[in-house]
1. Taking the Cα centre of each part, how many Å lie between the range 80-101 and the range 8-48?
2. I'd like the trypsin sites (Lys or Arg not before Pro) in the range 31-110 restricted to DSSP loop residues with at most 16 other Cβ atoms within 10 Å, sorted by number.
3. Please give the contour-minus-distance gain from Val12 to Val60: 0.36 nm per residue of separation, less the Cα-Cα distance, rounded to one decimal in nm.
4. Determine the alpha carbon to alpha carbon distance for each of Lys36/Lys115; Lys36/Lys124; Lys36/Lys85; Lys85/Lys109 and list only those over 24 Å.
5. I want to verify the translational diffusion coefficient of the chain in µm²/s; compute it with Stokes-Einstein, Rh as the Kirkwood radius over Cα pairs, at 4 °C and 1.567 mPa s.
6. Work out, in µm²/s and without decimals, the Stokes-Einstein translational diffusion coefficient of the range 57-128 at 10 °C, 1.306 mPa s, Rh from Kirkwood over C-alpha pairs.
7. Full-extension gain between Lys36 and Lys67, please, as 0.36 nm times their residue separation minus the C-alpha to C-alpha distance.
8. Based on alpha-carbon positions alone, could you give the equivalent ellipsoid semi-axes of the range 1-57 from the gyration tensor, as √(5λ), descending, whole Å?
Amino acid sequence: LKLCERLKDENVLFHFIGQGWCEAERETRGNCIFYKARSHQAIRNLQLNADFLLNIGNIVINQVPSKVLEYISTGTPIINVAKSKACPTLSLLHNYNVIHLLETTDIDKSCQDVKSFISNGTNKQNYD
């Protein structure tokens with residue numbers, strides 16, 4: 001969330017969906033909008049219409065979150081925040097339109113990388 005906060009002046013909104021993010025159905029905090037759980041179809045529609053998707057990696061290095069596979073299927077560019085260099089998402093997303101950030105990386109550098117990615121790399125990937 002530090003990264004999202006740092007990007008507040010970049011006209012970027014981050015939408016977070018799921019359990020534990022907020023008390024109300026929807027809460028706005030700065031440039032972050034938090035939602036309670038939604039139906040799979042509602043989430044899929046949001047994914048397909050997003051400019052980019054944000055994946056926050058696991059600390060479990062022998063599991064790939066199923067949402068990453070769903071993210072790939074949308075063709076939408078992904079900002080992948082890995083917990084470690086051993087994160088399985090790093091190899092899975094190797095040939096995809098993605099920017100990889102390590103959680104331990106300097107936040108200023110990560111912000112610059114994301115700004116560049118958003119301005120230059122947000123074309124949907126075509127699988128035809």
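Just so you know, all these numbers are worked out from the coordinates, no wet-lab data involved. Not measured: the values here are computed from a predicted model. Positions of Cβ are generated from backbone atoms using ideal geometry, with glycine treated the same way; all protein chains shown enter the neighbour counts.
1. 22 Å
2. Values: sites: Lys36, Arg38, Arg44, Lys67, Lys83, Lys85, Lys109; in loops: Lys36, Arg38, Lys83, Lys85.
Those satisfying the criteria are Lys36, Arg38, Lys83, Lys85.
3. In short, 14.3 nm is gained.
4. Numbers: Lys36/Lys115 28 Å; Lys36/Lys124 27 Å; Lys36/Lys85 31 Å; Lys85/Lys109 17 Å.
With Cα atoms farther than 24 Å apart: Lys36/Lys115; Lys36/Lys124; Lys36/Lys85.
5. On the way: Rh = 15.3 Å.
Roughly 85 µm²/s, to the nearest whole number.
6. Details: Rh = 12.8 Å.
Result for D is 124 µm²/s.
7. Numbers: separation 31, 0.36 × 31 = 11.16 nm, distance 1.69 nm.
Length difference between fully extended and current span is 9.5 nm.
8. Details: eigenvalues 69, 43, 20 Å².
Rounded to whole Å, the semi-axes are 19, 15, 10.
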